[in-house]
Amino acid sequence: MAAIMDEGALRLRMAQVMKAMDDRGLNRGTSGNVSARCGAAMLVTPSGVPAALLTPEQMVLVQADGSTAPGALKPSSEWRMHQGLLERRPDINAVVHCHSRHATILACANRPIPAVHYMVAVSGGTSVPVAPYATFGSPELAQGVVEALDGRYAALMANHGQIVVAPSLDFALAIAEEIEEQAAVYWGTLAIGGPTLLAADEMNTILQRFKSYGQR
Ligand SMILES: [Zn+2]
């Protein structure tokens with residue numbers, strides 16, 4: 001489980017995770033966003049600030065009723081999606097969203113990632129589904145993503161990117177990086193005639209083993 005972090009520590013870690021996504025090629029410009037549960041509220045990245053310029057103080061505290069403090073920056077346009085996930089998933093404390101290239105290629109082809117490699121199981125399932133397309137920032141997108149992620153840690157978002165939920169920011173970043181890797185692997189296999197998929201019972205064995213790892 002995630003170590004308990006106070007608001008200041010969460011703000012700092014969010015800025016670090018956004019910079020790490022830039023450094024690792026998972027995101028560019030101002031497209032990605034990150035959130036963390038903060039008591040009954042959530043912290044979310046502000047709209048339109050590039051990761052390289054983002055400071056811990058700029059993270060926006062959004063209350064359960066959607067309100068923010070006077071003088072706060074405008075929250076990410078995807079704040080409803082983050083809030084919906086944190087509300088519906090008491091098992092998670094962090095959400096990471098990005099437009100990493102290969103995940104986005106598959107999302108734009110509406111192709112879920114099948115059991116192409118055993119590490120697909122980091123998604124919490126035997127495949128990575130695609131949430132239906134809806135306009136960015138819309139309640140419909142938030143609803144579709146919440147449903148696609150039911151019981152899972154990762155999903156693609158049709159014609160958009162990828163979304164990850166996890167007990168901690170670090171865990172979410174690690175899963176997002178692995179989903180991008182698996183998307184690249186699957187995309188590569190499609191170029192050479194398609195993958196040989198793992199059997200369902202083997203994937204279920206892997207899923208059980210990942211669960212029993214506990215701290216990952
Ligand atoms: Zn996006």
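Scan the range 59-81 for residues that are touching a helix residue (DSSP H, G or I) at 6+ places or on another chain (Cβ under 7 Å) and among the charged types (D, E, K, R) and the total you get is 1. Taken over the range 9-21, the criterion of being buried (at least 18 other Cβ atoms within 10 Å of the Cβ), farther than 21 Å from PHE136 by Cα and either within 14 Å of the ligand (Cβ to nearest atom) or over 16 Å from the mean Cα position of the chain (by Cα) (or both) is satisfied by LEU10, ARG11. Filtering GLY151, GLY194 for residues that are within 23 Å of CYS38 (Cα to Cα), not in a helix (DSSP H, G or I) and not charged (D, E, K, R) leaves a single hit, GLY151. Counting only strands (runs of 3 or more DSSP E) that sit completely within the range 22-112, those holding 3 or more residues that are within 16 Å of the ligand (Cβ to nearest atom) correspond to 33-38, 94-98. If the condition is being among the β-branched types (Val, Ile, Thr) and crowded, with 24+ Cβ neighbours inside 10 Å, then the range 83-104 contributes VAL95, VAL96.
A count restricted to the range 127-139 and to residues that are surrounded by fewer than 20 Cβ atoms within 10 Å (Cβ to Cβ) and either away from the ligand (no atom under 13 Å from the Cβ) or aromatic (Phe, Trp, Tyr) (or both) stands at 6. With respect to the conditions (1) hydrophobic (A, V, I, L, M, F, W, C); (2) surrounded by fewer than 20 Cβ atoms within 10 Å (Cβ to Cβ); (3) away from the ligand (no atom under 15 Å from the Cβ); (4) in a loop (DSSP other than H, G, I, E, B), VAL116 falls short on a single one, namely (2). Remark: pairs (first residue in the range 84-101, more than 18 Å from GLY144 (Cβ to Cβ); second residue surrounded by fewer than 18 Cβ atoms within 10 Å (Cβ to Cβ) and of a type in the set (Val, Ile, Thr); Cβ separation under 6 Å; 6+ apart in sequence or on different chains) are absent. GLN162 meets each of the listed conditions (1) in a loop (DSSP other than H, G, I, E, B); (2) within 13 Å of the ligand (Cβ to nearest atom) apart from (1).
Out of ALA183, ALA176, report the one residue that is within 16 Å of the ligand (Cβ to nearest atom), within 11 Å of the chain's Cα centre (by Cα) and in a helix (DSSP H, G or I).
Working: ALA183 fails: within 11 Å of the chain's Cα centre (by Cα).
Step by step, each of ALA183, ALA176 is checked, and only ALA176 is within 16 Å of the ligand (Cβ to nearest atom), within 11 Å of the chain's Cα centre (by Cα) and in a helix (DSSP H, G or I).
Based on what the data block shows, is ALA148 without any contact (Cβ under 8 Å) to a residue 24 or more places away in the chain and surrounded by fewer than 20 Cβ atoms within 10 Å (Cβ to Cβ)?
Working: without any contact (Cβ under 8 Å) to a residue 24 or more places away in the chain: yes; surrounded by fewer than 20 Cβ atoms within 10 Å (Cβ to Cβ): no.
So ALA148 fails the test.
Read the figures in this text as sums done on the coordinates, not as results from a lab. As the structure is a computational prediction, the values presented were derived from the model and not from experiment. Methodologically, a virtual Cβ is constructed for each residue, glycine included, from the backbone with ideal geometry; neighbour enumeration extends over all protein chains shown.
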